[in-house]
Amino acid sequence: MNTHDHGASIRLENCKKTFADGTLALHPLDLSVPAGETLVLLGPSGCGKTTTLRLIAGLEFPDEGGRILFDEEEVTRQSIEQRHVGMVFQSYALFPNMTVAQNVGYGLKVQKEQPTVINQRVREMLEMMELGALAHRYIDQLSGGQRQRVALARAIITRPRVLLLDEPLTALDAILRDRLRADINALLRQLGVTAIYVTHDQEEAMALGDRIVVMEQGRVSQIGTPKQIYFSPQNDFVADFIGQINTFEGPVSNRSMQLPGGVLHGAALADGHGRIYCRPEDIQLTNNASGGIRGVVHQSQFIGDRNRVWVKGASHELVIVDSDGRSEFSVGQPVGLQIRPEQLIVLDAQSERA
Ligand code: ADP
Ligand code: MG
């Protein structure tokens with residue numbers, strides 16, 4: 001039997017993808033995924049996430065010159081069956097004329113396992129995925145979340161070296177999504193499988209990914225851990241795409257940026273460099289509007305764990321500040337903004353694409 005204790009490492013070399021109609025979906029891509037890692041492909045619709053996943057699966061093939069390796073073995077021209085990968089899609093792609101148990105056992109049947117072995121492994125898998133009670137139901141008798149559990153169980157029962165998930169939670173409602181996300185997270189750690197997880201949802205990406213690949217129009221915009229992506233975006237696209245962020249723009253001289261509401265100091269500010277970023281949670285609001293940057297509360301929203309406050313006049317645009325949920329700021333109130341210099345995100349000019 002073709003089993004592996006751990007996932008396979010994956011390497012893409014120079015993988016470009018042009019479709020038959022001439023669409024260039026992927027610019028030449030190099031990507032290394034160590035065994036056991038969960039790598040998330042994140043980006044807006046149409047940026048090439050699914051295409052990348054399908055290349056890894058063996059459902060598409062790269063243009064001439066591209067190579068794909070699993071554990072240093074070239075699989076570029078191998079089919080999906082030969083690569084021994086598991087896949088889960090947004091649409092469940094389950095067999096409607098089979099029961100839950102039959103769906104889950106399908107891969108083992110294809111591998112010509114003994115019926116007693118199949119029954120045993122299916123039972124274990126259903127147990128593990130909390131699907132035991134549904135074993136004899138048909139797919140149309142299940143909820144969306146249950147279907148996606150079945151799809152997951154079906155994908156992992158053959159113990160694939162690589163698990164590929166394409167927006168598996170997108171069709172589910174928010175509560176179910178959170179729950180299943182936590183389950184998938186635990187499952188991936190437990191299995192030790194190498195997983196490539198595609199999503200356009202940044203929260204999902206940060207919760208699940210060991211590393212995140214942010215993609216933009218068929219190219220990699222940045223690769224990094226969730227914290228690197230969030231706290232040290234390398235370019236405007238990543239800064240704007242991930243989370244809420246404030247942009248400050250203005251002329252810089254003597255490490256100070258002139259803003260409508262005052263002066264922003266920062267050792268990292270280089271003369272002439274006119275754009276920096278700051279996360280809403282990295283700004284402190286004070287009642288004392290003297291000194292520093294001044295503004296007026298334009299709007300305030302209580303979101304439970306925090307107050308989100310929009311401040312006018314401190315910059316060219318409204319500045320978004322997240323403050324403690326118990327703080328009180330009323331519309332029209334003058335406020336001061338305190339930003340510690342180390343909390344400013346200054347893009348490295350060299351890593352910023354033209
Ligand atoms: P994502 O999954 O990030 O939304 P895709 O990888 O599906 O993006 O698509 C990337 C680009 O390739 C898009 O412009 C899409 O329209 C195009 N594309 C995808 N599949 C095909 C295909 N079979 N033929 C032609 N163009 C395609
Ligand atoms: Mg897609």
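Residue 305 sits with roughly 120 Å² accessible to a 1.4 Å probe, with DNA, RNA and ligands left out of the calculation. The Rg/Rh ratio of the stretch 1-141, with Rg taken over Cα atoms and Rh as the Kirkwood radius over Cα pairs, comes to 1.03. In summary, the convex hull built on the alpha carbon positions of the stretch 80-199 has an orientation-averaged projected area of 7.0 nm². Toward the positive end of the charge dipole of the stretch 245-349, about the Cα centre and with charges on Cβ (Lys, Arg +1; Asp, Glu -1), which of 260, 245, 325 goes farthest? Toward the positive end, the furthest listed residue is 260. Dividing the Cα radius of gyration of the stretch 65-136 by its Kirkwood radius returns 1.08 for Rg/Rh.
For the residues 297, 117, 213, a GNM of the chain with alpha-carbon springs under 10 Å puts the largest fluctuation on 117. Enumerate the lysines that residue 49 could reach by cross-link, defined here as Cα to Cα under 26 Å, with residues fewer than 8 away along the same chain left out. Result set, ordered by chain and number: 16, 17, 227.
Averaging Cα coordinates gives a centre for the stretch 1-52 and one for the stretch 212-261; these two points are 24 Å apart. From its DSSP helices (H runs of at least four residues, each -39,500 (n - 2.57)), the chain gives a residue-normalised ellipticity at 222 nm of -7000 deg cm²/dmol. Loop-located GluC sites (Glu not before Pro) in the stretch 61-90 (DSSP state not H, G, I, E or B) with no more than 11 neighbouring Cβ atoms inside 10 Å: 64, 72. Placing unit charges on each Cβ (+1 for Lys and Arg, -1 for Asp and Glu) gives the stretch 10-238 a dipole about its Cα centre, and among 40, 155, 182 the Cα reaching farthest toward its positive end belongs to 155. Under 1.5 on a/c is rounded, so check that first for the stretch 197-271, then, if it is not, pick prolate when a/b is larger than b/c and oblate when it is not; a ≥ b ≥ c are the square roots of the alpha carbon gyration tensor eigenvalues. Prolate is the answer for the stretch 197-271, as a/c is 1.5 or above and a/b outweighs b/c.
Shown for the chain: the carbon plus sulfur share of the solvent-accessible area, taken with all protein chains present and a 1.4 angstrom probe, equals 49%.
Rounded to the nearest 10 square angstrom, residue 16 shows an accessible area of 80 square angstrom against a 1.4 Å probe.
With semi-axes defined as the square roots of five times the eigenvalues of the C-alpha gyration tensor, the equivalent ellipsoid of the stretch 231-306 measures 22, 19, 10 Å, largest first. Here the stretch 10-238 is treated as a Stokes sphere of Kirkwood radius computed over C-alpha pairs; at 20 °C and 1.002 mPa s its diffusion coefficient rounds to 118 µm²/s. Using only side-chain charges placed at the Cβ, +1 for Lys and Arg and -1 for Asp and Glu, the dipole size of the stretch 60-172 relative to its Cα centre rounds to 580 debye.
For the stretch 245-349, take N as its residue count and report Rg(C-alpha) divided by 2.2 N^0.38 Å.
1.03
Note: relative contact order over the chain, using C-alpha pairs below 8 Å and six or more positions apart, is 16 percent.
The values are calculated or read from the model by the stated rules, or taken from the named source; none is laboratory data. Just so it is clear, the structure is predicted and the values come from calculations on it, not from any experiment. Cβ: placed from backbone, ideal geometry, glycine included. Neighbour counts: every protein chain shown. Calculation scope for accessible area: heavy atoms of the full protein, side chains included, ligands and nucleic acids excluded. Shrake-Rupley method; radii C 1.70, N 1.55, O 1.52, S 1.80 Å.
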